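K.L.:
Would you mind keeping the following structure in view while I ask a few things?
Laboratory data are not the source of any read-out in this text; all were calculated from the coordinates shown. On a predicted model such as this, the values are computed, not experimentally measured, just so you know. As a convention, Cβ positions derive from the backbone with ideal geometry for all residues, glycine included, and neighbour counts pool all protein chains shown.
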Amino acid sequence: MSPQPRTASITAPTLDPRALGKVAVLFGGTSAEREVSIMSGTGVLKALQSQGVDAQAFDPAKQPLQDLKTQGFDRCFIALHGRGGEDGSVQGALELLGIPYTGSGVMASSIAMDKIMTKRIWRFEGLPTPDWRMVSSAEDCAHALAVLGAPMIVKPAREGSSIGLTKVMDPAQCASAYAAAAQHDPEVLCEQFIDGEETTCPVLTVHDQAQALPVIRIVAPGGNYDYQNKYFTDEVQYLCPSQLDADEENEIQRQVLRAFKTLGCRGWARADVMIRKTDRQPFLLEINTSPGMTSHSLVPLSARVAGLSYEQLCVHLLASASLDSSR
């Protein structure tokens with residue numbers, strides 16, 4: 001086995017917090033991920049305030065976005081997750097208001113939120129992603145299982161945090177799996193299950209260059225990395241450094257950077273990757289353009305290994321806030 005990859009150190013920006021102006025941390029919102037967003041936003045808000053930034057909480061579910069303009073906010077840190085916050089809609093509103101924001105722009109946010117569209121683009125560009133079918137009924141789901149084989153993952157096409165996700169083992173589960181996904185989104189994705197190791201790899205833009213951060217290997221109890229284990233237990237192991245072979249980690253980082261650039265992402269993101277057990281082939285599952293920033297979240301863990309504290313990461317992201325028109 002070749003040695004572990006050496007992690008490139010990231011130098012935190014030296015900034016006068018007053019230069020960042022009046023900052024709104026957007027969190028909460030109306031999506032199914034509201035609870036997680038509140039945890040992310042609360043952490044970001046405290047981190048920015050601890051660094052002397054004039055940051056204030058702003059929940060789009062409780063006040064109109066127009067208030068950002070009337071109340072004189074200079075930039076926004078988007079800590080919203082899911083639809084209505086991560087799908088380009090808030091980004092489009094901020095573009096119209098002329099207020100710079102963190103993360104990807106309108107188009108990249110919209111595409112990345114849609115797992116089916118993301119996979120179509122990745123497949124076209126020759127990036128490895130598990131085979132899939134889009135289904136519109138329980139019968140379609142059963143047919144997809146016959147084609148893709150068991151196990152099969154059934155999930156909403158435009159949700160995150162494993163919401164509405166089911167691992168289907170036999171045809172008898174198809175009806176309930178489809179119903180669980182369809183209650184969150186009329187577009188339901190059936191995806192080939194990749195048996196192997198689960199990893200994730202963040203991307204951070206540093207000095208206008210996208211850079212892959214250290215890969216994290218995720219070891220969940222029973223291989224079940226669900227909503228509960230992601231946010232509310234301490235039973236999952238997050239290995240960073242990943243303890244993967246150096247060539248393997250480098251290949252994951254290379255593919256994730258390609259995936260990031262192919263969709264036109266900017267600022268930051270986190271891509272989830274499965275390594276198939278039989279041949280160690282990595283497969284891209286999805287990319288998150290507004291990753292979690294909770295105590296259990298993975299971008300802060302990877303950034304810390306690369307030399308950035310949680311507080312430094314938040315300030316760095318905020319300093320990178322921009323508009324599509326200013327790129």
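K.L.:
Reported to two decimal places, what Rg/Rh ratio describes region 121-161 when computed on Cα atoms with Rh from the Kirkwood expression? Walk me through the numbers on the way to the answer.
P.N.:
Working: Rg = 11.6 Å, Rh = 11.7 Å.
In region 121-161, Rg relative to Rh is 1.00.
K.L.:
If you don't mind, another one. Could you line up 277, 22 from fewest to most neighbouring Cβ atoms inside 10 Å? Intermediate values should be presented prior to the final figure.
P.N.:
Values: 277 11, 22 14.
So the residues, fewest neighbours to most, are 277, 22.
K.L.:
Comparing 57, 182, 19, which has the greatest mean-square fluctuation in the GNM of the chain with Cα pairs linked when under 10 Å apart?
P.N.:
19
K.L.:
Hey, another quick one. Using Cβ counts within 10 Å as a stand-in for footprinting exposure, how do 278, 262, 199 rank, fewest first? Please report the intermediate quantities before stating the final value.
P.N.:
Values: 278 8, 262 18, 199 25.
Ascending Cβ contact count within 10 Å gives the list 278, 262, 199.
K.L.:
To the nearest 10 degrees, how steeply does helix 34-50 sit against the main Cα axis of the chain, on a 0 to 90 scale?
P.N.:
Once rounded, one gets 30 degrees.
K.L.:
Right, here's the next one. Which value in Å does the Kirkwood hydrodynamic radius of region 1-160 take, with 1/r averaged over all unlike C-alpha pairs and then inverted? Working shown, then result.
P.N.:
Details: mean 1/r = 0.0542 Å⁻¹.
Evaluated on region 1-160, it is 18.4 Å.
K.L.:
Right, here's the next one. Return the whole-Å distance between the Cα centroid of region 233-311 and the Cα centroid of region 79-113.
P.N.:
Cα centres, region 233-311 to region 79-113: 21 Å.
K.L.:
Sticking with this one: What nm value, rounded to one decimal, do you get for the distance between residue 170 and residue 193 when each label is placed 7 Å out toward the C-beta?
P.N.:
Distance between the two pseudo-spin positions: 1.3 nm.
K.L.:
Roughly what angle does helix 138-148 make with the longest principal axis of the chain, taking Cα atoms, 0 to 90 degrees, to the nearest 10?
P.N.:
Once rounded, one gets 80 degrees.
K.L.:
Using a 10 angstrom cutoff on alpha carbons, build the Gaussian network for the chain and name the most mobile of 126, 98, 28.
P.N.:
Result for the chain, Cα springs under 10 Å: 126 fluctuates most.
K.L.:
Another question, then. With a cut-off of 8 Å between alpha carbons and a minimum separation of six or more residues, what is the relative contact order of region 17-102 in percent? Write out the running numbers ahead of the final one.
P.N.:
Working: 145 pairs, mean separation 33.7, N = 86.
Computed over region 17-102, the figure is 39 percent.
K.L.:
Given just the C-alpha atoms of region 157-196, how large is their convex hull per residue in cubic angstrom? Walk me through the numbers before you get to the answer.
P.N.:
Values: hull volume 2.8 nm³, N = 40.
Per-residue hull volume (Cα only) is 71 Å³.
K.L.:
Could you pull out every one of the lysines with an alpha carbon less than 23 Å from that of residue 261, ignoring same-chain neighbours closer than 8 positions?
P.N.:
Output for residue 261: 115, 119.
K.L.:
Lysines within cross-link reach of residue 69: Cα-Cα under 20 Å, excluding same-chain residues under 8 positions apart?
P.N.:
Of all the lysines, those that pass the test against residue 69 - Cα under 20 Å, at least 8 places apart if same chain - are 22.
K.L.:
Still on this model: Using just the Cα positions, wrap the chain in a convex hull and report its mean projected area in square nanometres, one decimal place. Each step should come with its number before you reach the end.
P.N.:
Details: hull surface 63.9 nm².
Taking the Cα atoms of the chain, their convex hull projects to 16.0 nm² on average.
K.L.:
Evaluate the Debye formula for region 17-102 with equal point scatterers sitting on the alpha carbons, no solvent, and hand back log10 of I(q)/I(0) at q = 0.26 Å⁻¹, in q order, two decimals.
P.N.:
-1.36
K.L.:
Using only the alpha carbons, work out the radius of gyration and Dmax of region 132-192 in angstrom.
P.N.:
Final numbers for Rg and Dmax: 9.6, 27 Å.
K.L.:
Tell me, what is the percent relative contact order of the chain, built from C-alpha pairs under 8 Å that lie six or more residues apart? Can you show the working numbers first?
P.N.:
Numbers: 709 pairs, mean separation 74.8, N = 327.
Relative contact order comes out at 23 percent.
K.L.:
Given the -39500 (n - 2.57) contribution per DSSP H run of 4+ residues, what per-residue ellipticity at 222 nm results for the chain, rounded to the nearest 500 deg cm²/dmol? Intermediate results must be reported in sequence, preceding the final value.
P.N.:
Values: 11 runs with 109 residues, N = 327.
Helices in the chain give a 222 nm mean residue ellipticity of -10000 deg cm²/dmol.
K.L.:
Now for a separate question. Please report 242, 162 as a ranked list, fewest other C-beta atoms within 10 angstrom at the top and most at the bottom. Intermediate results must be reported in sequence, preceding the final value.
P.N.:
Details: 242 24, 162 17.
Fewest-to-most ranking of 242, 162: 162, 242.
K.L.:
Same structure again: Of the DSSP beta bridges with both residues in the chain, give the percent that are antiparallel, rounding to the nearest 5. Can you show the working numbers first?
P.N.:
Details: 38 of 48 bridges.
Of the beta bridges lying entirely in the chain, close to 80 percent run antiparallel.
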